[in-house]
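Take a look at the structure set out below.
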Amino acid sequence: MQSAPIPVHVAIVMDGNGRWATQHGKGRLAGHDAGMKAMKEIVKRSDQLGVKYLTVYAFSTENWKRSAEEVSGIFNLVVKYVNSELEEIYQNNVIVNVLGDYTALPARSVKALDKALARTQTNTGMHFNIALNYGSRAEILTAAKKLAAAAAEGTLGKPLEEVTTEDFSGLLLTAGMPDPDLVIRTSGEKRLSNYLLWQSAYSEFVFTDVLWPDFSPEEYERCIEEYQARSRRFGGR
Ligand code: IPE
Ligand code: IPE
Ligand code: MG
């Protein structure tokens, strides 16, 4: 674990809360609550391991298709988690950021998130990005529209032909952040589900069958070890 480098940016698809709840004879929201507890431990362990950016997929633009009860329940859990953990997150020097239009959430959730962002913005430690109402295609489309508008207004600062992929990255919600080195998805599903499509072009993927609420810091370290055993070539040889 010590010899190979720790990934700078880890992105996680926290999946399997519903199946965990079913396995335990509980309702889906109990699964999401257990998932929040798992997330709390992974945030801590990431910081201890020296991960600089941790991005978690908490709610996708497609998750609105679920029942109103489940959707509002998830958002209530966000408020609960932010309220109970914010002080410790702040003390640990973590910077909270939200990827996605969280202003579409209920007012109480927006307020809790605004508080978390404001409280931690002067911190200088690990970046903790919560992808909430996040969808990669919408993110890329928004960036393309911004680019088109700037080109039309003549405010690009360079000819359109000279716009680079790095420039385009700067228009995404992850502007200024390194791309994820490692993407982890739990629960045995092997797809991205509209997560960080542009940013994961050269990421390593680790899939585990463990359901998110059961994803322990030990399983997390095992995933990182799997990553560390990979050979990354970025198209070179
Ligand atoms: C992931 O768990 C959390 C969210 C998508 C909000 P799921 O709720 O998708 O759990 P499964 O996939 O139904 O088991
Ligand atoms: C992806 O999980 C989104 C989050 C974990 C927040 P889903 O459970 O929504 O994805 P699909 O439906 O299995 O692709
Ligand atoms: Mg799922």
Pairs beyond 30 Å (Cα-Cα), from Lys111/Lys190; Lys40/Lys145; Lys65/Lys158; Lys40/Lys146; Lys44/Lys146; Lys115/Lys146: Lys111/Lys190; Lys40/Lys145; Lys65/Lys158; Lys40/Lys146; Lys44/Lys146
Cα gyration tensor of the stretch 1-58 diagonalised, 5x eigenvalues square-rooted, in angstrom largest first, produces semi-axes 28, 10, 10
Once you charge only the Cβ atoms, +1 for Lys and Arg and -1 for Asp and Glu, what is the size of the charge dipole of the stretch 97-237 about its Cα centre, to the nearest 20 debye? 300
Kindly identify the stretch 1-148 as rounded, prolate or oblate by the Cα gyration tensor criterion: order the square roots of the eigenvalues as a ≥ b ≥ c, call it rounded if a/c is under 1.5, otherwise compare a/b with b/c, prolate if a/b is larger, else oblate. rounded
In which sequence would Phe205, Phe75 go, from the one with the fewest C-beta neighbours within 10 Å to the one with the most? Phe205, Phe75
Can you pull out the trypsin sites (Lys or Arg not before Pro) in the stretch 136-231 whose DSSP state is coil and whose Cβ has at most 15 other Cβ atoms within 10 Å? Lys190, Arg191, Arg230
Full-extension gain between Trp64 and Gln228, please, as 0.36 nm times their residue separation minus the C-alpha to C-alpha distance. 55.5 nm
For the stretch 95-237, shape from the Cα gyration tensor axes a ≥ b ≥ c, cut at a/c of 1.5 then a/b versus b/c, turns out oblate
Helical mean residue ellipticity (222 nm; -39500 (n - 2.57) per DSSP H run of 4+; nearest 500) of the chain: -14000 deg cm²/dmol
Order of Ser187, Ser231 under a 10 Å beta carbon neighbour criterion, fewest first: Ser231, Ser187
Quick one: which residues, 5+ away or cross-chain, put their amide H under 5 Å from the amide H of Val96? H built at 1.01 Å from N. Thr120, Phe128
Subtracting the Cα-Cα distance from 0.36 nm times the residue separation, let me have the gained length for Thr142 to Glu88 in nm, one decimal. 16.0 nm
Give the order of Thr103, Thr165, Thr208 when sorted by the count of other beta carbons within 10 angstrom, beginning with the fewest. Thr165, Thr103, Thr208
Roughly how far apart, in whole Å, are the Cα centres of the stretch 123-200 and the stretch 1-51? 23
Relative contact order of the stretch 1-129, defined on C-alpha pairs under 8 angstrom at six or more residues apart (%): 28
Run the numbers on the chain and let me know its relative contact order in percent, using alpha-carbon pairs under 8 Å that are six or more apart. 29
Semi-axes a, b, c in Å (a largest) for the stretch 91-140, each sqrt of 5 times a Cα gyration tensor eigenvalue, come to 21, 15, 6
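Read-outs: derived from the displayed coordinates by stated rules, not from any lab. Quick caveat, the model's predicted, so the values are computed rather than measured. Methodologically, a virtual Cβ is constructed for each residue, glycine included, from the backbone with ideal geometry; neighbour enumeration extends over all protein chains shown.
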